Every structure is written in C-alpha cells, then in structure tokens.
Amino acid sequence: MRVTFSAIVAPPPSPSAPRRHPQLLKQPRSHPHLHCVPLSASPGTSRIRRIVGVLEKDAPEVETAAAVDVDGGESEIGINGFAVETVEVARDSPRKVLGRSKKMAQEEDDSSDRFKLRNGREIFEEKAYLVGVDCRGKEDALFSTEDSLKELAQLADTAGLLVVGSTSQKLAAPNPRTYIGSGKVAEIKTAIHALDVETVIFDDELSAGQLRNLEKAFGGDVRVCDRTALILDIFNQRAATHEASLQVALAQMEYQLPRLTKMWTHLERQAGGKVKGMGEKQIEVDKRILRTQISALRKELESVRQHRKQYRNRRLSVPVPVVSLVGYTNAGKSTLLNQLTGADVLAEDQLFATLDPTTRRVQINNGMEFLLTDTVGFIQKLPTMLVAAFRATLEEISESSLLVHVVDISHPLASQQIDAVNKVLDDLDVELIPKLMVWNKVDKADDPERVKIEAEEKGAICLSAINGDGLEQFCFAVQAKLKDAMVPVEACIPYDKGELLNTIHQVGMVEGTEYTESGTVIRGHVPLPLARLLTPMRQRVTELTNMDKSV
Ligand SMILES: Nc1nc2c(ncn2[C@@H]2O[C@H](COP(=O)(O)OP(=O)(O)OP(=O)(O)O)[C@@H](O)[C@H]2O)c(=O)[nH]1
Ligand SMILES: [Mg+2]
C-alpha cells in the first residue's frame, strides 16, 4: 500500500508530555510536530498513528470512534485531545516502495548509520536541502545570503539534520505563491531526486500558502519548512525546564495558528468531496481551540513569571549588582560563567545550548561581589514570536546593572553578529543600562596580538573564557563599569550595624574609612538601592561635619 505523507500541521505536544525528536522514529518524513506511534502491523509494513487535528476540549475521548476505509487505510478519532489516523506504511520510504534498485538497497543499509545521538537522544538524520533568497528589499540585512545559508546549515546540524546541498536565488521580490521563481522550484525538484532530499528548508519565513504550494510542487513526501520552524524545533528539543517548555510551546502554537490550513483537508478527500467546506469549518474550530490553548498557556506562563518576579525581588532586596551576559549564540557566555563561578552550565559547540537563565555569585579579589546571569543567545532573524515568548526570561536582562556583550571575535562574521545582538537589544528597552563589550575566543583568532590592540582602542576587553586569559582584567572592568553606575556616598555607620558595613564592602567600592565616636565613616560608591538605605546615615555625616565646623 502506498501512503502519501503530506506535512500535516499538528499542535505541539503539551510541555509536560515527554519530548521526542521528530525523526526519532525511523519512518517516512514527518512534520516536526507530528508524533507517530508505531502499532502492530503486517509483515514488511508498520502501522503508525498520526495526528491529524485537534479535538474540541469537551469532545468525547474515544479510542476508535469512526473508521473510514480510504485506500486501505483506516481513520480513527482520537486520544488526548488529538484527532489521529491510523495508516499502514511500508517500512521503506514511500519512494522506495515503487521499485528497489541496487542503489536504493544500498541506501537502505546506509540509513542505519543515520541514527545519531543528539542532546542525549537518538534521532534519525534526515537529508536537508537549503534555500536562500537575495531580495532587493533586503539591502539592510546584516548577513549576505551566502553567510545566512551557512548559519542555516549550522542550525540544521544542531537540529540533527544532514545538509546535502543548498541553492539561492536573486529576486526583485519574493514570489507570493512559492517564494522562489518557478525555474528555481524545478531546479530544486531535480536536486531532491538526485540527492534523495527529505526536507527543504527556506532561510526566510514562509506563509501558509507558500508552504503548501511548495510541498505540492516538490511532491507530497518532501517536507518543507522555514528558518523559524527550525529554530522553534531546536528550542523544543533543548527546553529543559517547565518555563522554557511553556515558552517554546507558546511560540510554536503562535507560529502554527496561521498555518493550520492543511489539517482537515483529508476529511474532504476521505468523503470523496461530498462534504465540501467541511475542512474549512474544521480549520475554524481548530483555530478556536488553538487560541484557547494559547491563552491558557499565557496564563500559566504569567503565573510562572510572577513566581520568578517574587524570587527576583527577594534577590534585589540584597543590593548585589546583577551583571547579565548577552550575545550571539555560541559566543561563549556559558563558558565565561562557568570559568568565573565554577558553575556547570552546559557549554558546547552547538547553537542555542542555553535556554534558561542561570545566576551565580562572583567575588572579586578585593571583596566586591556581583551576580552574573547567563541567558539565551541571540541570532539574526530571531523569530519575533520567540522573543515575545521569552520576554519573561529576557526581562532579567532589563533589570541588570550592567550588560556584558560577549562576542566570538574569532568568528568571521563577528561584526555582523554584534549588529544582530544590538538589534535585539534595541527591542528590549535596555538603552539606559551600561554595557561592556567583551571579545572572547581571542586564543582562536588569527592574530591575537593585533586583536588585543584593536580591543584596547575600542574599549573592549579581550579574553579567552576557555583558558582563563584576561579574566582578571574582565573583573576589574566590570567593577569600573559598575562604579560608573553607582552613587558616591559618605555615611556614618553605627558600630552596632556591622552587617551593613560588610554589605557596603561587598557590593560597593570603599575609598576611605574613618573611625569616629559615632561610628565608622565610609567614603565610596554604592549601588542606588543601597545609597537609599543609607540615607539616615548619610545625613548623620552632614550633621557631624556641621558640628565640626561650628566648634
Ligand atoms: N577556543 C575557544 N573556544 C571557546 C571559548 N569560549 C567558549 N568556547 C567554545 O565555544 C562553544 C560555545 O560556548 P558556549 O559557552 O556554549 O556559548 P554560549 O554563548 O553560551 O552559546 P549559547 O548557549 O548557544 O547561546 C563551546 O564549544 C566552547 O567550548 C574560548 O575562549 N576559546
Ligand atoms: Mg550558553
């Protein structure tokens, strides 16, 4: 039996459900969010259940409510809020069923090598083909089409795909139907057959119609997706905490909402076109359900966010300055945090290794302390729904005393990456927060000495987070920047407030100490919240000075 696998958009699994890589099961192409369950099957075939839609919340959840015979397959209405369909597929990929050449048999043997371990999970390495478009309206793009495609290849690799080729096209404007021109569509189709491509990834966001038309043009069994879907897929694989999972699920649903067009068209096919419009009605129902799910997720996220805020407020009541590490993905932020604090945040040569913020205390040799926060990295063309969904996490950044912008200076596109990070920061309302530029991975740079001279000229700190070079200089630079943001104070601390004196030494910079009858007079710089706390003691110094003058 031959089954056509069109990419059917299904909602992502609930964040609490166990996550699984889309290609975890060895099966013909599946949509990133289409999770198939293998069932018992006749020899040489597999029976899988595939999700074909969402059920209304109050719809009865029945194992098998309706079975419709279509082309030998059967349909059933489903489980846990999802409509599912059972299909029997040959264990070979659909194309292989048509005839098995020697080459194909060889390929089948090779495919066993395509199971790779990623993020602790075994996944099937699909063959991907990348497509970029150089449009006239994109002159302000930070990356050239070629560089952007290289980055897309890295993203594909992170997601566990095997990139087998790529192409790009110069266009005056994207084609509204297929994004690329018809000649390019034909060229890619040829490449698909020649390279046995399973997934075609576009470097720009595609509309629902473009996705559908391209899938139709390439043939039903080729999956088409875009950069945004790929990034969402990586985030989905990487989300380790409840909050991150909620944020990713929200972003995925928002991405899917306008793309729900295909989910129910199979109903019309099954009914032989007798129930015209049924699919459309069902799409409306699905959209409503998805919207309800989105608002439920938003509520849940809000409560997680409140909890985090309470925790942060408690932390802020101790006025230790917070320093946030920001930067392009893979710049070395987590490695820097680990080096300075002995933390064991996952740091690896993959994009988006970190999704959740981690905060650790750093103590400088002179006794001063600050909190260092590592958070999610940025990328050019960062999907807006992802920024919105991660706003709670990113809020941490907007409440810091200092932003440390970590740059991989050994990267050929370091300056474009800096611009891309600044672009995201512009959206985050952080222009008033002082910034410190750090050029990391100087050990990997072609000419480290020249880079160091250039950094000095530009007021950046050069370091190597991996071998610890320049860390001391970094800490002093952080201290100096924090001092700029501090308030100069002179306060008389009574002798019974020893703890306060310790706090001033920890979080501020003491420049002079004098012991008087009334207490210790301190001169120095402290963060604003501490300066406020010291107000009565600052007045005490003024009184003492006035008394001295009148004597
Ligand atoms: N040679 C060299 N490699 C480094 C240095 N710092 C980090 N790396 C490597 O760069 C890769 C990325 O480091 P991470 O610390 O995970 O980068 P990140 O900025 O946290 O990345 P995301 O979490 O993805 O945003 C890892 O393989 C590190 O070992 C450095 O100073 N020199
Ligand atoms: Mg990281």
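The values are calculated or read from the model by the stated rules, or taken from the named source; none is laboratory data. Predicted model only: the values in this text are computed from it and were never measured. Neighbour counts run over all protein chains shown; Cβ positions are idealised from the backbone, glycine included. The accessibility values were calculated without ligands, DNA or RNA, using every heavy atom of the protein model including side chains. Shrake-Rupley method; radii C 1.70, N 1.55, O 1.52, S 1.80 Å.
Per-structure values
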| item | result |
| --- | --- |
| Filter result for L297 (farther than 28 Å from E215 by Cα, modelled with pLDDT of 85 or more, surrounded by 13 or more Cβ atoms within 10 Å (Cβ to Cβ) and within 16 Å of ligand 2 (Cβ to nearest atom)) | no |
| Helices (runs of 4 or more DSSP H) lying entirely in the range 332-427 (those with 3 or more residues that are more than 16 Å from ligand 2 (Cβ to nearest atom)) | 384-389, 391-398, 414-426 |
| Among residues of the range 428-459, those that are part of a loop (DSSP other than H, G, I, E, B) and closer than 24 Å to F476 by Cβ, counted | 7 |
| Residue check for L528: under 19 Å from L402 (Cβ atoms) and surrounded by fewer than 20 Cβ atoms within 10 Å (Cβ to Cβ) | yes |
| Pairs with Cβ under 7 Å, 6+ apart, first in the range 425-445 and assigned by TED's automatic domain parsing to the domain that holds G332, second open to solvent by 40 Å² or more (accessible area, probe 1.4 Å) and polar (S, T, N, Q) | L428/S398; D429/S398; V430/S398; D443/N467 |
